[in-house]
1. Yes or no: T65 open to solvent by less than 70 Å² (accessible area, probe 1.4 Å), in contact with a Ser or Thr (Cβ under 7 Å, 6 or more places away or on another chain), part of a helix (DSSP H, G or I) and modelled with pLDDT under 90?
2. Please return the ranges of helices (runs of 4 or more DSSP H) entirely within segment 122-211 where 2 or more residues are among the polar types (S, T, N, Q), modelled with pLDDT of 90 or more and over 24 Å from A58 (Cα atoms).
3. Within the bounds of segment 121-136, is there any residue that is farther than 30 Å from A220 by Cα, of a type in the set (S, T, Y) and surrounded by 14 or more Cβ atoms within 10 Å (Cβ to Cβ)?
4. For F79, state whether it is assigned to a helix (DSSP H, G or I), aromatic (F, W, Y) and farther than 28 Å from P142 by Cβ.
5. Starting from residues that are β-branched (V, I, T) and without any contact (Cβ under 8 Å) to a residue 60 or more places away in the chain, keep the ones in segment 68-89 and report whichever is most open to solvent (accessible area, probe 1.4 Å).
6. I'd like the full set of residues that are out of contact with any Ser or Thr (no Cβ under 9 Å at 6 or more places or on another chain), among the small types (G, A, S) and under 21 Å from P222 (Cβ atoms), limited to segment 76-108.
7. When segment 95-107 is examined, which residues are found to be of a type in the set (V, I, T) and either surrounded by 13 or more Cβ atoms within 10 Å (Cβ to Cβ) or at pLDDT 90 or above (or both)?
8. When you look at L110, is it at pLDDT 85 or above, among the hydrophobic types (A, V, I, L, M, F, W, C) and either open to solvent by less than 50 Å² (accessible area, probe 1.4 Å) or assigned to a helix (DSSP H, G or I) (or both), yes or no?
Amino acid sequence: MTAPAHPSTTTPPPPTSTTTTSTTASARTDRAVIRDSLGVGVAVGVSGVAFGVAGTAAHLTVWQTCALSLLVFTGASQFALIGALAAGAAPLAAVVGALFLGVRNSFYGLRLAERLELPRWVRPLAAQTVIDETAAVSLVQPDRRSARLGFAVTGISLYLIWNATTLAGALGADALGDPSRYGLDVAGPAVFLALLAPRLREGGAERATALVGAVLALVAVPLVPAGVPVLIALAAVPAVLLLGPRRQAQEQARHQAQEQQQEQAREDGR
C-alpha cells in the first residue's frame with residue numbers, strides 16, 4: 001500500500017507594492033487638498049476684519065456685526081447689506097438686495113449635493129458653509145473623497161477665521177469711536193466695490209451685467225428712495241440673459257454673411 005499523499009500547501013505570494021503605493025498616493029492627495037483648503041480659508045477669512053470695521057461704520061453694534069457673520073456667513077451678501085445701510089437705505093431694501101445676492105448659494109447646493117452625497121444628518125450643518133470658496137475647492141477635486149475633504153476643511157477653517165476676524169475688526173473700530181472721523185464710514189461701500197471690480201475685467205456677460213446694472217442704478221438715484229437703486233440694478237441680470245443670446249446670434253449671422261461675401265468675391269476673381 002502506498003501512503004496517502006500529503007495535501008500540498010501553497011505559499012501565498014509576497015504582497016506587492018501596489019497597496020503601499022496606493023496608500024502613499026492617497027496620503028499625498030489628502031495633504032495637498034488640506035494645504036490648498038487651508039490656504040483658501042486663511043486668505044479669505046482674514047478679510048473678516050474689513051467686514052467688522054464696515055459693520056461698525058454702518059452703525060451696527062459689535063454683536064449685531066458678529067451675528068451677521070455667524071448666521072449669514074456669505075461675504076458678498078453681508079457687505080451688500082451693510083453697504084446699503086451705510087448709504088442710508090431702508091433696512092428692508094438692504095435685506096432684499098442681500099438675499100438676491102445669496103440666491104447663488106442655492107445653485108451651489110444643488111451641484112454639491114450630487115458631488116458630495118453627504119449623509120442626511122450632516123446636510124443641515126453643511127448647508128451653512130455652502131459658499132463660493134467651498135464650492136470652488138470641492139468641484140475641482142478628482143474624486144468624491146477629496147471633494148468632501150476639501151469642502152470640510154475649507155468650510156470649517158473659513159468659518160472660524162471669518163468670525164474671529166469679524167469680532168477683531170468690530171472691536172477695533174468700536175474702540176476708535178466715531179468712524180467718520182477716520183473715513184471708516186466708507187469702508188462698507190469701498191470693500192463691496194473692491195469685490196465687484198474684478199468682474200469688470202471679465203468679458204462677455206459679466207462685464208455687460210455690471211455695466212447695465214451701473215447705468216440703471218445711476219439713472220434711478222435721483223428718482224427713487226435710497227436703497228431702491230440697488231434693487232433696480234438687479235434687472236440687469238435677466239436683461240443680459242435675454243438679450244445676450246440674441247445679440248450673439250446676430251453677430252454670428254453677420255460673421256457668416258461676411259465670410260460668404262468674401263468667398264463669393266474670391267470665386268468671382270477666379
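The values are calculated or read from the model by the stated rules, or taken from the named source; none is laboratory data. Treat the numbers as computed from the prediction; the structure is a model and nothing was measured. So basically every Cβ, Gly included, is an ideal-geometry build from the backbone, and we count neighbours across all protein chains shown. Keep in mind that these areas ignore ligands, DNA and RNA; they rest on the heavy atoms of the full protein, side chains included. Shrake-Rupley method; radii C 1.70, N 1.55, O 1.52, S 1.80 Å.
1. Numbers: open to solvent by less than 70 Å² (accessible area, probe 1.4 Å): yes; in contact with a Ser or Thr (Cβ under 7 Å, 6 or more places away or on another chain): yes; part of a helix (DSSP H, G or I): yes; modelled with pLDDT under 90: no.
No.
2. Numbers: elements: 123-127, 132-139, 144-176, 187-200.
By residue number, 132-139, 144-176.
3. Yes: one or more hits.
4. On the way: assigned to a helix (DSSP H, G or I): yes; aromatic (F, W, Y): yes; farther than 28 Å from P142 by Cβ: yes.
When the stated conditions are applied, F79 passes them.
5. Filtering first and then ranking leaves V72.
6. The answer is G83, A84, A86, A87, G88, A89, A90, A93, A94.
7. Going residue by residue through segment 95-107, those that are of a type in the set (V, I, T) are 95-96, 103.
Answer for segment 95-107, where residues must be of a type in the set (V, I, T) and either surrounded by 13 or more Cβ atoms within 10 Å (Cβ to Cβ) or at pLDDT 90 or above (or both): V95, V96.
8. Numbers: at pLDDT 85 or above: yes; among the hydrophobic types (A, V, I, L, M, F, W, C): yes; either open to solvent by less than 50 Å² (accessible area, probe 1.4 Å) or assigned to a helix (DSSP H, G or I) (or both): yes.
It is true that L110 is at pLDDT 85 or above, among the hydrophobic types (A, V, I, L, M, F, W, C) and either open to solvent by less than 50 Å² (accessible area, probe 1.4 Å) or assigned to a helix (DSSP H, G or I) (or both).
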